[in-house]
1. Among Ala278, Ala204, Ala253, Ala274, which is within 16 Å of ligand 1 (Cβ to nearest atom) and among the small types (Gly, Ala, Ser)?
2. What number of residues within the stretch 155-171 are within 21 Å of the chain's Cα centre (by Cα) and either open to solvent by 10 Å² or more (accessible area, probe 1.4 Å) or without any contact (Cβ under 8 Å) to a residue 24 or more places away in the chain (or both)?
3. Determine which single condition Tyr128 fails, assuming it passes every other condition in (1) closer than 15 Å to Thr28 by Cα; (2) under 19 Å from the mean Cα position of the chain (by Cα); (3) not basic (Lys, Arg).
4. Can Ala154 be described as hydrophobic (A, V, I, L, M, F, W, C) and assigned to a helix (DSSP H, G or I)?
5. State which residue is farthest from Val130 (Cα to Cα) when the search covers only the stretch 262-306 and only residues that are of a type in the set (Phe, Trp, Tyr) and open to solvent by less than 40 Å² (accessible area, probe 1.4 Å).
6. Could you tell me how many of the residues in the stretch 78-102 are closer than 14 Å to Leu65 by Cα and more than 17 Å from the chain's Cα centre (by Cα)?
7. Quick test for you: out of Leu214, Leu174, Leu199, pick the one residue that is within 24 Å of the chain's Cα centre (by Cα), of a type in the set (A, V, I, L, M, F, W, C) and open to solvent by 10 Å² or more (accessible area, probe 1.4 Å).
8. Look through Gly10, Gly62 and report the one residue that is within 10 Å of ligand 1 (Cβ to nearest atom), open to solvent by less than 60 Å² (accessible area, probe 1.4 Å) and within 24 Å of Arg95 (Cα to Cα).
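The values are calculated or read from the model by the stated rules, or taken from the named source; none is laboratory data. The structure displayed is predicted, hence computed values, not measured ones. Using ideal geometry, Cβ is built from the backbone for each residue, glycine included, and neighbour counts are taken over all protein chains shown. Ligands, DNA and RNA are excluded from the accessible area calculation, which covers all protein heavy atoms including side chains. Shrake-Rupley method; radii C 1.70, N 1.55, O 1.52, S 1.80 Å.
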Amino acid sequence: MMIFVTGGAGYIGSHTCVELLNAGMDVTVFDNFSNSQAEALERVKSITGKQLRSVEGDIRDGVALKKALADSGATSVIHFAGLKAVGESEVDPLRYYDNNVVGTMRLLESMRELNIKQLVFSSSATVYGVPQFLPYTEKHPLSATNTYGQTKLAVENMLRDVYRSDASWRLAILRYFNPVGAHPTGLIGEDPQGVPNNLMPYVAQVAVGRREFLNVWGNDYPTPDGTGVRDYIHVVDLAAGHVKAVQFLERNAGCNAINLGAGVGHSVLDLVHAFESASGKPVPVKVGPRRSGDLDAYWADPSLARDLLGWSAERGMEAMCLDTWKWQQSNPNGYKGGI
Ligand code: NAD
Ligand code: UDP
């Protein structure tokens, strides 16, 4: 079975390509490499010992996209391509709507024209907005507090409308919690450009000596140690969830939103201490003010993923830190530095 993977060279996409190939599926990646390197795909091949097809192109270019999709012979699509920096989305909202919403519209149009109606979409826990109860279940009301979140919500709504108009679509909306970690080989991982915004890559760069200390954004939250609490999920577990989602769609029509999280909350300081143990390196911290727009705490109820997909997270915080550390040490400057 051929799977067409938009954004397949990116952080989550590359790990998912490994799991798809290991599960015996064939893969065509469609990526414009705006936030990734082709080298990631070479490493996917060396991890799996298998080939994949790759086409360079932009999902907003409907003609190129439809041709690549038709040429691939795919029967199923996983759609990772998009922009994901919350701060940037607030500065340049139109770029985010164009990439994430218009891009997805082009993809759905091409799929409909080719009668390929099976799609897994990368959504985010950000669509739940301020928690009205925890853990978040899929029934939690939806809202968005920033432009990035609005684009995810807009696409979710588009997918629900498409399904209402034609019940032969098979759609899985996966709501990721906080993906971290790297492949245990240390060959692929997260390669943020510039100063990382996210906690785990920042902590890894402090441990490796690239940055002096971690700014902890606030220690006066109503959480056990005062720092923010999130549900961190190992990227290899997340990738495995996509294989399960594709297999689920092979058996079921419908439009289902499904949380992919571990179901456990960890504070910023929990993660820092776990990283110090895993790496054997100190991670100095300085407490700063709260980061604007941050929520104090949230985590997933992952039981629907277990019930529908037969998936649950297997790797804990220790593996998340050990695998990040291995990737960071073997690739201190990301893919550009070579091995
Ligand atoms: P990433 O930036 O590493 O990967 C995205 C990939 O899409 C990159 O390879 C990029 O070059 C490509 N891309 C972007 N715009 C494109 C376009 N117009 N046409 C073709 N390719 C394009 O990001 P990621 O962390 O792997 O995230 C993948 C998806 O998951 C995104 O949709 C993101 O919003 C979503 N998501 C990520 C997180 C997270 O914390 N990483 C959390 C929730 C949801
Ligand atoms: N955080 C932090 N310092 C950093 C980056 C993040 O203290 O340099 C905190 C942030 O306030 C939040 C948690 O770490 O409580 C996770 O942040 P991240 O940006 O990784 O994910 P998000 O909050 O966007 O889900």
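1. From the options Ala278, Ala204, Ala253, Ala274, the qualifying one is Ala204.
2. 4
3. (1)
4. yes
5. By that ranking, first place goes to Phe275.
6. Residues in the stretch 78-102 being closer than 14 Å to Leu65 by Cα and more than 17 Å from the chain's Cα centre (by Cα): 1 in total.
7. None of the others qualify; the one that does is Leu199.
8. Within the list Gly10, Gly62, the selection yields Gly10.
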